[in-house]
Amino acid sequence: MKITIAQLYPRDMNLYGDWGNTLVLKKRLERRGFDVEIIDHNPGDSTDFSKIDIFVGGGGQDSGQTIIQNDLLARADELRQLAKDGVPMLMICGMYQLFGRFFRTLKGEEIVGANILPIETIAGDERMIGNIVIKSQEFGDIVGYENHSGQTFLDKTTKPLGQVIKGAGNNMTDANEGVRYNNIIATYLHGPILPKNPQIADFLIGEALERRGVSADSGLEKIDDTLANKAREIALKLSR
Ligand code: GLN
């Protein structure tokens, strides 16, 4: 069976190794015997989103977000429907922001988002930079690196991915980090996030397989994560 991963806007939205997330998904699927196709979707491409099993999007400069805005808006209804249908998606930083209603830059320009997640982001004059650890009921401790000016605020009913233990997270006001919505994981964590947090990679894979009729109920075939766990241990001890 072939699993298809779409990388949204890799030309403009791919910071701090975010493309590594796609690589982790590919390798973890291949080790379990699946074929994997990766499709890069850049502005103007006529990618058939209905064939995609997992969507991945990375971070980007404000300028990159402006470049992809029109294409994202043109594809937003499709993406919103797929998100509602439970297609797994991982959206990092700049793409996390643009899955919401808007990102208002420091210059006051509004970059309109796809309006999939009930959130809004407003740039502050202080960047939030450094190593970050968050705690999630679903995934345990999640480690990563953040670098953003945007402060994201969740609607009252929007569920965060976790609570910040070390770092800033969504904003400077509350302790929330990221968003959990249907099968979407949206977060500020770069690193990239998946190599050191394989539990999240396997969640996305499990949901993708379920949708294709492969039950992951009894758990996915185990992978030796000794190295990933060592990297996690070190990351957990890093100073901010
Ligand atoms: N441009 C956005 C911000 O600074 C996103 C940055 C990023 O993706 N790292 O908030």
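The values are calculated or read from the model by the stated rules, or taken from the named source; none is laboratory data. Just so it is clear, the model here is predicted, and its values are computed rather than measured. No Cβ is skipped: glycine too gets one built from the backbone with ideal geometry, and neighbour counts run over all protein chains shown. Surface accessibility is based on the protein's heavy atoms, side chains included, excluding ligands, DNA and RNA. Shrake-Rupley method; radii C 1.70, N 1.55, O 1.52, S 1.80 Å.
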Checked against (1) in contact with a strand residue (DSSP E or B) (Cβ under 7 Å, 6 or more places away or on another chain); (2) in a loop (DSSP other than H, G, I, E, B), residue 111 satisfies every condition except (2)
Only one of (1) within 12 Å of the ligand (Cβ to nearest atom); (2) under 17 Å from residue 91 (Cα atoms); (3) not in a loop (DSSP other than H, G, I, E, B) does not apply to residue 170, and that is (3)
Log entry, pairs with first residue in the stretch 1-30 being free of Cβ contacts under 8 Å to residues at least 40 places away in the same chain, second being acidic (Asp, Glu), beta carbons closer than 8 Å, six or more apart or on different chains, reads 2/35; 2/37; 11/40
For the stretch 173-185, the count of residues that are within 16 Å of the ligand (Cβ to nearest atom) and not in a strand (DSSP E or B) equals 2
Only one of 58, 86 is in contact with a Cys (Cβ under 9 Å, 6 or more places away or on another chain) and under 21 Å from residue 207 (Cα atoms), namely 58
Of those in the stretch 7-47 that are touching a helix residue (DSSP H, G or I) at 6+ places or on another chain (Cβ under 7 Å), open to solvent by less than 10 Å² (accessible area, probe 1.4 Å) and more than 16 Å from the ligand (Cβ to nearest atom), the residue farthest from residue 61 (Cα to Cα) is 29
Residue pairs qualifying under the 8 Å Cβ cut-off, at least six apart or on distinct chains, with the first in the stretch 142-154 being within 16 Å of residue 195 (Cβ to Cβ) and away from the ligand (no atom under 12 Å from the Cβ) and the second being of a type outside the set (Gly, Ala, Ser) and open to solvent by 30 Å² or more (accessible area, probe 1.4 Å), are 142/135; 143/131; 143/196; 143/232; 143/236
Q. Of the residues that make up the stretch 209-224, is at least one crowded, with 19+ Cβ neighbours inside 10 Å, within 23 Å of residue 88 (Cβ to Cβ) and at pLDDT 95 or above?
A. yes
For the stretch 31-51 the number of residues that are touching a strand residue (DSSP E or B) at 6+ places or on another chain (Cβ under 6 Å) and outside any strand (DSSP E or B) is 3
Scanning the stretch 48-75 for residues that are small (Gly, Ala, Ser) and crowded, with 18+ Cβ neighbours inside 10 Å, the one nearest to the ligand (Cβ to nearest atom) turns out to be 59
Cβ pairs under 6 Å, 6+ apart or interchain, first in the stretch 83-103 and more than 21 Å from residue 148 (Cα to Cα), second more than 8 Å from the ligand (Cβ to nearest atom) and of a type outside the set (A, V, I, L, M, F, W, C), ordered by first then second residue, are 83/182; 86/182; 86/183; 88/183; 88/207
